[in-house]
Amino acid sequence: MSGAQPASHRRRSSRTAWPISIVVMSLAFVVGLVKVVATYGRPYYHYGDQAILALRVSDAMRFHAEVGPYSRFGWNHPGPALFYLLAPVYSLSGTNPRSLLAGSLLINGVCVVAALLVVHRFAGEWSARWAVAVVGVGLLALGANAIETFWNPSLEAPAVLLVMVLTAGAISGSGLSVVWMAVVGSYVVQTDVGTAPLVGVMGVCSIIGYLTQAGIRRRHHREVDHRERGLAPAMLGILGLVVLIIAWIPPLVQESSGHPGNLSALYDFFTQPAVTAAKFGSTHGLSAAWATVANSTTAVPWGNFSTTASMTTAAIGRQDTLVFWGCLAVAGMIWAGCSRRWFALGLSVTSLVGLVVSVISVERIVGPIGDYLTYWMALVPAPGVIAIGVLSVESLRERTTSPSSTWWRAPLVWAMAIVSIVPAVFVGRQLARGSAAVESDGNTEIGQLSAFAIAHLRTVPDRSVLVVMGNADRWPEASGLVLQLARDGYHPTVTRDWEFMFTKPYVASSAPRAQLVLTDGIPGTPPGSAGLSQTYSDGDVPTTITFVEPLPSLGG
């Protein structure tokens, strides 16, 4: 192309501008990182789902994790990839609870930077800068809580974006992108099975796109891109295949030894809709799914969706924005197809397909639709927006004969510069909110409960203790208590009806000598001696903990 930049100019641009782009992107993580570092030495008490996930990370440190996060439907998500990714950080920190927040930021950050590097690899420096602005604005519109919380729904959106960008790379003819799309897609599906339809469709698009490009190369006698040849790409591809195989070994081992296996339970749940609906509730119609996706994909420009409102009802503005995202993706497909820009075509295709699959996925949700079930959709429109920037950059490059002297006059460049300032505005807003987005110390009630429990357990020679939920609403406190007791060297267990949540290693097989009973409010006469019961509150329903010794029977 006559307007292509000289190689020396491109190298200078990459050396000087790309680090600046990374700095701009890092603004999206400033708030969460500052919070984690500034409070690292203070106690932190995980609670509810976070405590259960922390227990799974502890299992992964001993190579005992075989399944993914639990589901309220009685099965687990397909695999433990998330736990093994967090295990090194957790172990190196001495099991500091805040390290899991830092690990969550690290995983999300790696996914985002990897997606930007893929854009840089296929579309060049200026397209990568545009992607920095698009993704940065999207993340900051969601808020710091969307990327720093240690919770599997909050560890999905950046990884889904990476899956979509790698799919675009595969559509451009990259075999490495196919392999690593499968690797990242495995992590996404293992962490949240609700993403399986999207990842499956992306996998099909990757394979079809790659084979199509291979056919085009053969017909025109073209060689494979030189960046896909050589020892380094071959080793990277082999590494991806090895990681892919290893990632699925734990769930397959559990499937072969479990009765029933978790993968079989998942299969039965999704292939027996009548049985599932009778037990857990019905699925949803198109209008509810459309409204849910509209709420989940329009943080830009409308802000993050309120958790107190109904997900199945969307404002007209959000619905119009969803239509706009779809039209933008279609426009990008037409523009890229006519100009034979395969990477931009892939970005547009993945965005449009992603929006359609998101609606279909929501239709299949069983029971109430919680906002956390659709966090992974937040960045689905981003590839389509990035595609427009890629196509604009390429069009500008074709029409510019001397980029080194005239690039700064281009309206697109100025538009990119203006958009790049927007993340700083969002950062300011987040900093102004202080620590309200995320609790600084978790649930402090857990610290009170565990202190009471440990003080009384010192009189019991057996390190085993049974934690009993006097009513089901106390499970969040119970999970936090179990985690704290495990961290202090005890062997806490629960009754068998909670196995689906805590997994088999934490189910009591014999009668421990001590028992801790959690109930609502202030009980009547506590069992055992006087003074062995205490009530604590962290602003919610008070929790009463009762210490019972010895335990006459397993009960419940």
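Considering Val330, Val362, Val323, Val353, which residue is part of a helix (DSSP H, G or I) and within 19 Å of Pro153 (Cβ to Cβ)? Can you show your working first?
Numbers: Val330 fails: within 19 Å of Pro153 (Cβ to Cβ); Val323 fails: within 19 Å of Pro153 (Cβ to Cβ); Val353 fails: within 19 Å of Pro153 (Cβ to Cβ).
So the residue among Val330, Val362, Val323, Val353 that is part of a helix (DSSP H, G or I) and within 19 Å of Pro153 (Cβ to Cβ) is Val362.
Quick check on Ser177: is it within 21 Å of Val118 (Cα to Cα), touching a Gly at 6+ places or on another chain (Cβ under 7 Å) and either aliphatic (A, V, I, L, M) or assigned by TED's automatic domain parsing to the domain that holds Val110 (or both)? Outline the logic, then answer.
Values: within 21 Å of Val118 (Cα to Cα): yes; touching a Gly at 6+ places or on another chain (Cβ under 7 Å): yes; either aliphatic (A, V, I, L, M) or assigned by TED's automatic domain parsing to the domain that holds Val110 (or both): yes.
Yes: the conditions hold for Ser177.
For the range 50-59, check the following and say yes or no: at least one residue is part of a loop (DSSP other than H, G, I, E, B) and more than 27 Å from Arg341 (Cα to Cα). Write out each step before concluding.
We begin by selecting, within the range 50-59, every residue part of a loop (DSSP other than H, G, I, E, B); these are none.
Scanning the range 50-59 turns up no residue that is part of a loop (DSSP other than H, G, I, E, B) and more than 27 Å from Arg341 (Cα to Cα).
Given the range 187-273, what helices (runs of 4 or more DSSP H) lie entirely inside it while holding 3 or more residues that are among the aliphatic types (A, V, I, L, M) and within 30 Å of Arg62 (Cβ to Cβ)? Let's see the steps before the verdict.
Working: elements: 196-219, 231-247, 249-257, 262-271.
Passing ranges, in order: 231-247, 249-257, 262-271.
What's the number of the condition Val385 fails, among (1) part of a loop (DSSP other than H, G, I, E, B); (2) closer than 17 Å to Val300 by Cα?
(1)
Within the range 110-147, how many residues are assigned to a helix (DSSP H, G or I) and closer than 17 Å to Met377 by Cα? Walk me through how you get there before you give the answer.
Here is the first cut: in the range 110-147, the residues assigned to a helix (DSSP H, G or I) are 110-123, 125-142, 145-147.
Pick out the ones that are also closer than 17 Å to Met377 by Cα and you get 111-112, 115, 134-142, 145-147.
Qualifying residue count, the range 110-147: 15.
Residue check, Cys338 against (1) within 20 Å of Gly169 (Cα to Cα); (2) under 24 Å from the mean Cα position of the chain (by Cα); (3) at pLDDT below 95, all met but one. Which one?
Every listed condition holds for Cys338 apart from (2).
Among the residues that make up the range 129-142, is at least one of them assigned by TED's automatic domain parsing to the domain that holds Val393, under 16 Å from the mean Cα position of the chain (by Cα), surrounded by fewer than 24 Cβ atoms within 10 Å (Cβ to Cβ) and at pLDDT below 90?
Yes: the range 129-142 contains one or more residues that are assigned by TED's automatic domain parsing to the domain that holds Val393, under 16 Å from the mean Cα position of the chain (by Cα), surrounded by fewer than 24 Cβ atoms within 10 Å (Cβ to Cβ) and at pLDDT below 90.
Inspect all residues belonging to the range 90-106 and state whether any of them is under 30 Å from Gly258 (Cα atoms) and free of Cβ contacts under 8 Å to residues at least 40 places away in the same chain.
Within the range 90-106 (the criterion being under 30 Å from Gly258 (Cα atoms) and free of Cβ contacts under 8 Å to residues at least 40 places away in the same chain), the answer is yes, since at least one residue qualifies.
I'm checking my understanding of the structure. Among residues of the range 307-330 that are surrounded by fewer than 17 Cβ atoms within 10 Å (Cβ to Cβ) and hydroxyl-bearing (Ser, Thr, Tyr), which one is modelled with the highest pLDDT?
Only one residue tops the list, namely Thr313.
Quick check: is even one residue across the range 477-493 of a type in the set (D, E, K, R), touching a strand residue (DSSP E or B) at 6+ places or on another chain (Cβ under 7 Å), part of a helix (DSSP H, G or I) and surrounded by 22 or more Cβ atoms within 10 Å (Cβ to Cβ)? Talk me through it step by step, then tell me what you get.
The first filter runs over the range 477-493 and keeps only residues of a type in the set (D, E, K, R), leaving 477, 487-488.
With touching a strand residue (DSSP E or B) at 6+ places or on another chain (Cβ under 7 Å) added as a condition, the list becomes 477.
Right, trim to part of a helix (DSSP H, G or I) and you get 477.
Applying the additional criterion that residues be surrounded by 22 or more Cβ atoms within 10 Å (Cβ to Cβ) yields 477.
Within the range 477-493, one or more residues are of a type in the set (D, E, K, R), touching a strand residue (DSSP E or B) at 6+ places or on another chain (Cβ under 7 Å), part of a helix (DSSP H, G or I) and surrounded by 22 or more Cβ atoms within 10 Å (Cβ to Cβ).
So which residues in the range 148-173 are farther than 18 Å from Leu86 by Cβ and either in a helix (DSSP H, G or I) or hydroxyl-bearing (Ser, Thr, Tyr) (or both)?
Initial filter on the range 148-173 (farther than 18 Å from Leu86 by Cβ): 160-161, 163-173.
Answer for the range 148-173, where residues must be farther than 18 Å from Leu86 by Cβ and either in a helix (DSSP H, G or I) or hydroxyl-bearing (Ser, Thr, Tyr) (or both): Val160, Leu161, Val163, Met164, Val165, Leu166, Thr167, Ala168, Gly169, Ala170, Ile171, Ser172.
The values are calculated or read from the model by the stated rules, or taken from the named source; none is laboratory data. All values derive from a computational prediction rather than experimental measurement. All Cβ positions, even for glycine, are placed from backbone atoms using ideal geometry, and neighbour counts span all protein chains on display.
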